[in-house]
Amino acid sequence: MKRFAAIALALLLTASVPALAAEGTAASAAVEINAPSAVLMEKVTGTVLYAKDESARRAPASVTKIMTLLLAAEAIDSGALSLDDTVTASARAESMGGSQIWLEQGEQMSVSDIIKCVAVVSANDCAVALAEHIAGSEAAFVERMNARAQELGLQNTHFTNCTGLFDDSGHYTSALDLAVISRELLGHEWIKDYVTIWMDSIRGGEFTLSNTNHLLRSLDGCTGLKTGWTSAAGYCISATAERDGTEYIAVIMGSESADSRNADAAALIEYGFSNYSLCPVSDSALPPVRVVGGVSDSVQPAVSGDGWVLLARQDAAALERHVELPEAVPAPVEEGGRLGTLTLSAGGEVLATVPLTASYAVERLSAGGVLKNMFLRLFGMAAA
């Protein structure tokens, strides 16, 4: 039953807050994590494989900037913002402390370079400049951050700034919520062109950038994402890695050192790759189902959900699929209406039963259409 629960959860998860898979308990015993809060999530299904105090509200430090980058990425992909747009630094942006590139008031940079500085060196001045450019002020941008958190269903997240620089009691998130935000950001594939930069430069090569995420050099397949530290938050990271089409998100919060933080994140990601496989729910084309009395003779079934399932490696190796579909269904057929089931099993144990639904609607044939079809059939028989 533990395996079935985990798989069922994986199939039902959406972009909103995921639930903890049953294997999360076993993983907690199998992986030793020193940080007080941690989560391991698979990106496609959103399955949580490891959770330790995952809902505790903690200061996120600069990992806050994952939400800042998410809003920027969404603005770019919607056409509201362009990577070529020019950002002009304000006095407030110049005044930021902590990690920075020492922007000067009135200095201009492209959105692309600003995003690069936020992603690579966690530049607080650039984060504020970007926020002001998008929303008019940092305060207005923070309102958008909190609205987006609500849209994602995050119950333990509230922002008061776009940087994470300030240890404000009203500025918090959780390891689970950070994993959800990270997953959403990874949906904008091009952001990896920035978060995976190890070294680069700006201002015509005069200012060198070196990534704060050292896992880019030590963790196989590392794709990002963001580090952070303040005295209140401790050492935090959302680390991501992809191998053979499977990507994991490991969030660590409140570590005592950068080395411990990185070791915990790497251990979680290696656990995921070593013990689980991402498999397609269906490995072959599904046969069409005949429709009786419809404007179309058949309807194409499809797998409900995202079409992928995360399995323990031993189950993936022995996976069997059994499709159950009727020979025919009466019209009308609703788009998304259930047509049958696809059962996944391994070693004689059922892992999941996945709904097969109609890819499109099929309307009922009118009386005139029925007569026309009868005429065509009779005419065809006579001609034969």
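Here are the numbers:
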{"item": "Under 14 Å, Cβ to Cβ, from Leu152 - net charge with Lys/Arg +1 and Asp/Glu -1", "result": "-1"}
{"item": "Debye log10 I(q)/I(0) for the range 289-367, one point scatterer per Cα, at q = 0.22, 0.25 Å⁻¹", "result": "-0.91, -1.07"}
{"item": "Cα lying deepest toward the dipole's positive end in the chain, options Pro280, Ala147, Ser218, charges on Cβ", "result": "Pro280"}
{"item": "222 nm mean residue ellipticity, helices alone, for the chain (DSSP H n ≥ 4; -39,500 (n - 2.57); rounded to 500)", "result": "-10500 deg cm²/dmol"}
{"item": "Cys with no candidate disulfide partner in the chain (beta-carbon separation under 4.7 Å rule)", "result": "Cys162, Cys222, Cys236, Cys279"}
{"item": "The range 2-275: C-alpha pair distances exceeding 22 Å, %", "result": "52"}
{"item": "Cβ-placed point charges (K, R +1; D, E -1), dipole of the chain about Cα centre in debye, nearest 20", "result": "1000"}
{"item": "Positive minus negative residues near Asp220 (Lys, Arg vs Asp, Glu; Cβ under 13 Å)", "result": "-2"}
{"item": "The range 55-154, relative contact order [Cα under 8 Å, separation at least 6], %", "result": "26"}
{"item": "Per-residue ³J(HN,Hα) for the range 71-80, Karplus 6.51 cos²θ - 1.76 cosθ + 1.60, θ = phi - 60°, Hz, x for Gly and Pro", "result": "5, 5, 4, 5, 5, 5, 5, 8, x, 6"}
{"item": "Length added when fully stretched, Ser345-Glu32, from 0.36 nm per residue minus Cα-Cα", "result": "109.6 nm"}
{"item": "Cα-centre dipole for the range 79-182 with unit charges at Cβ (Lys and Arg positive, Asp and Glu negative), debye to 20", "result": "240"}
{"item": "For the range 140-213, the fraction of alpha-carbon pairs in successive 5 Å shells from zero, as %", "result": "3, 13, 17, 20, 18, 15, 10, 4, 1"}
{"item": "Given charges at Cβ of Lys, Arg, Asp, Glu: the range 2-275 dipole, positive-most of Met67, Ser122, Phe207", "result": "Met67"}
{"item": "The chain: relative contact order in percent, alpha carbon pairs under 8 Å with at least 6 residues between", "result": "17"}
{"item": "Karplus (6.51, -1.76, 1.60) ³J(HN,Hα), θ = phi - 60°, over the range 105-117, in Hz, Gly and Pro reported as x", "result": "3, x, 5, 10, 9, 6, 4, 4, 5, 5, 4, 4, 5"}
{"item": "Gln100 long-range amide H proximity, modeled H, under 5 Å", "result": "Asn124"}
{"item": "Antiparallel bridge percentage (DSSP; both residues within the chain; nearest 5)", "result": "95"}
{"item": "Positive dipole terminus of the range 158-245, leading residue within Phe159, Tyr235, Tyr194 (C-beta point charges)", "result": "Tyr235"}
{"item": "DSSP-assigned coil residues among chymotrypsin sites (Phe, Trp or Tyr not before Pro) in the range 93-198, each with at most 13 further Cβ atoms within 10 Å", "result": "Trp102, Trp198"}
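Throughout, read-outs are computed from the coordinates displayed, never taken from laboratory work. As the structure is a prediction and not an experimental result, all values here were calculated from the model. Heads up, the Cβs are rebuilt from the backbone with ideal geometry, glycines too, and the neighbour counts pull from every protein chain shown.
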